[in-house]
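Written out below as structure tokens is the structure these notes cover.
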Amino acid sequence: MNRRGFLQLLGATGAAALTCSCNRIGSVVGTLSSPVSLVRFPEKTEMILLTDRPPQLETPLHYFRQDLTPNEAFFVRWHLEGVPTSVDLRTFRLNVSGHVRQPLQLSVDDLRSQFESISIIAVNQCSGNSRSFFEPRVPGGQWKHGAVGNAKWTGVSLRSILDRAQVKSGAVDVSFNGLDAPPLPSVSDFVKALSIDHARDGEVMIAYAMNDQPLPMLNGFPLRLVVPGWYGTYWVKALSDVTVLPRAFSNFWTDKAYRIPNGPNGTESPKHLAKDTVPINRFNVRSIFVRPDPDEILHPGMPIEIEGIAFDSGYGIRRVEVSTDGGATWADARLDPEIGKYSWRRWRTYWTPGNHGLYRLMARATNAAGDTQSNEQWNRSGFMWNVIQQVDVKVG
Amino acid sequence: MTSKTKSVVLSLGLAALVAGCGRPSNISKEADHGIAGAKMESMLDSKGDSPVHTIAMPHDESVFPPGPGRDEFVTACVVCHSPRYITMQPRFSRTTWLGEVQKMKDVYGAHISDEQALRITDYLISINGKAGTGHKGTYGE
């Protein structure tokens, strides 16, 4: 390696580290064309940096070779500059109020000692996961496929908390606010809502543990709303306020943000933007290649195991087909055992490339409802990407 | 020393330097500190030894290359977000960047005049722009 190469390497891996201010995370502008930069945030392992403030961190793909995504590698996405960095469990309370007979102020101790605990394995995926693959490109967090993770969530069902608060008749929505705060009074606080029926379905839960450990602060310590099968925007982090409303909830984050075209698969044409939009909601069905790695070297006649994950909003993955010839022929991959209807399902198949050359791998998942993936999709916000993935690999 | 050997030595040297700052170069290693090894009880019990849980966010030293509208950008934008929110984007057209700046002003209440919005757009174009037209973005993305 020549000196220039070494300096480039330094630049790519964070020259700031050399000055040994350990909490610094590298120079900002000037990295437009540099390779992926990995950073380590508190309680997190090295992750792909999208933005530092507020933080957006993507999970490196190799972590998806496990059923459950380690807490320290689970993706991070905050909206507002005021990310909570300290929680005192002696004073922290979950406030349940609004259209209820018995408002509650519950400590984490109360939640753990006074309510039955439940656990559910569920995928959490950012609405904008894979946004960088939309063409034409759209503004927003330029995620690749790593704004998703699968975890075992443990906590209390929201229904049991609402039952204790005694919801009055005529309740319509339930809103959820966390400890994060806007940097300016003009910025709308990040609050999301679910319908009362959804909130009481017995599956929506308030989690105090993730993979049998407390949540990392950047993933919502001490409490996080878990909305199985729904996009991450509803999974409010550092949850502090649950408010029952006798009317439909309305704010910027619901009325203007996180909306999709009201049509099949949230798709619209760049030339004719949809006028009718609805709040984003359940996951569509999708699959993601986990192996081969993009830079993995393959050899003619040498079998390799192609591996991936597939998930949907809870119907269950029934089939994953893989093509190694750009979609001309397809063969079923083997599905790992199902470990929960909201979990992802891992799949694998062996492939022995015959000759040297370039190959296009594709994977297509189908769920129990018969929903599958297509070749085209676009919307102005870059949400719900589930186009059949194409991975080009070189053999020899 | 062959160039390959040099490269290995330099890489190891770099790894050591980085590791010295708490950033191991081997990303397949799981984090060896923080919450992963913590016991549920000690972390979630308000009567335990450490009822206050605190993290220190890393501080990023932002660098702003020269360009038209740089002062306006530094004054108005960085209060709410770091410049990576610009540099992580693809190179967008003036239409797209102006739309983003207007969104910051009209929707999120950034304290900027219409004239400053144009200057800030000039800066975004100069550091991460392209010719041609494009789409305005939306919200919450």
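The values are calculated or read from the model by the stated rules, or taken from the named source; none is laboratory data. All values reported here derive from a predicted model rather than from experimental measurement. Heads up, the Cβs are rebuilt from the backbone with ideal geometry, glycines too, and the neighbour counts pull from every protein chain shown.
Residue by residue through the stretch A:62-77, note down the ones that are within 19 Å of residue A:128 (Cα to Cα) and of a type in the set (Lys, Arg).
A:77
Give A:334, A:360 a once-over and let me know the one that is without any contact (Cβ under 8 Å) to a residue 24 or more places away in the chain and among the basic types (Lys, Arg).
From the options A:334, A:360, the qualifying one is A:334.
Suppose we keep only residues that are surrounded by fewer than 16 Cβ atoms within 10 Å (Cβ to Cβ), under 20 Å from residue A:52 (Cα atoms) and not aliphatic (A, V, I, L, M) within the stretch B:65-86. Which one would you say is nearest to the chain's Cα centre (by Cα)?
So the residue we want is B:65.
Which numbered condition trips up residue A:122, out of (1) in contact with a Ser or Thr (Cβ under 7 Å, 6 or more places away or on another chain); (2) on the phi < 0 side of the Ramachandran plot; (3) among the small types (Gly, Ala, Ser); (4) not in a strand (DSSP E or B)?
Of everything listed in (1) in contact with a Ser or Thr (Cβ under 7 Å, 6 or more places away or on another chain); (2) on the phi < 0 side of the Ramachandran plot; (3) among the small types (Gly, Ala, Ser); (4) not in a strand (DSSP E or B), residue A:122 misses just condition (4).
Within the stretch A:90-107, take every residue that is more than 14 Å from residue A:178 (Cβ to Cβ) and out of contact with any strand residue (DSSP E or B) (no Cβ under 7 Å at 6 or more places or on another chain) and give me the one that is surrounded by the fewest Cβ atoms within 10 Å (Cβ to Cβ).
A:101
Hey, among A:283, A:252, which residue is buried (at least 17 other Cβ atoms within 10 Å of the Cβ) and at pLDDT below 95?
A:252
Give A:334, A:360 a once-over and let me know the one that is loosely packed, with under 13 Cβ neighbours inside 10 Å and of a type in the set (Lys, Arg).
Among A:334, A:360, only A:334 is loosely packed, with under 13 Cβ neighbours inside 10 Å and of a type in the set (Lys, Arg).
In this structure, does residue A:123 turn out to be under 27 Å from the mean Cα position of the chain (by Cα), in contact (Cβ under 8 Å) with a residue 24 or more places away in the chain and either assigned by TED's automatic domain parsing to the domain that holds residue A:345 or over 30 Å from residue A:316 (Cα atoms) (or both)?
Against the criterion (under 27 Å from the mean Cα position of the chain (by Cα), in contact (Cβ under 8 Å) with a residue 24 or more places away in the chain and either assigned by TED's automatic domain parsing to the domain that holds residue A:345 or over 30 Å from residue A:316 (Cα atoms) (or both)), residue A:123 does not qualify.
For residues that are touching a helix residue (DSSP H, G or I) at 6+ places or on another chain (Cβ under 8 Å) and more than 9 Å from chain B (Cβ to nearest Cβ), tally how many sit in the stretch A:205-237.
Selection size over the stretch A:205-237: 9.
Working carefully through the options A:103, A:136, find the one that is touching a helix residue (DSSP H, G or I) at 6+ places or on another chain (Cβ under 7 Å) and either within 14 Å of chain B (Cβ to nearest Cβ) or closer than 27 Å to residue A:197 by Cα (or both).
A:103
How many residues, within the stretch B:46-80, are within 7 Å of chain A (Cβ to nearest Cβ) and out of contact with any strand residue (DSSP E or B) (no Cβ under 7 Å at 6 or more places or on another chain)?
Within the stretch B:46-80, residues that are within 7 Å of chain A (Cβ to nearest Cβ) and out of contact with any strand residue (DSSP E or B) (no Cβ under 7 Å at 6 or more places or on another chain) number 10.
Determine, yes or no, whether residue A:275 is among the charged types (D, E, K, R), away from chain B (no Cβ under 13 Å), more than 23 Å from residue A:42 (Cβ to Cβ) and without any contact (Cβ under 8 Å) to a residue 12 or more places away in the chain.
For residue A:275, the condition - among the charged types (D, E, K, R), away from chain B (no Cβ under 13 Å), more than 23 Å from residue A:42 (Cβ to Cβ) and without any contact (Cβ under 8 Å) to a residue 12 or more places away in the chain - is met.
Restricting the stretch A:139-191 to residues that are β-branched (Val, Ile, Thr) and modelled with pLDDT of 95 or more, which is nearest to residue A:231 (Cα to Cα)?
By that ranking, first place goes to A:148.
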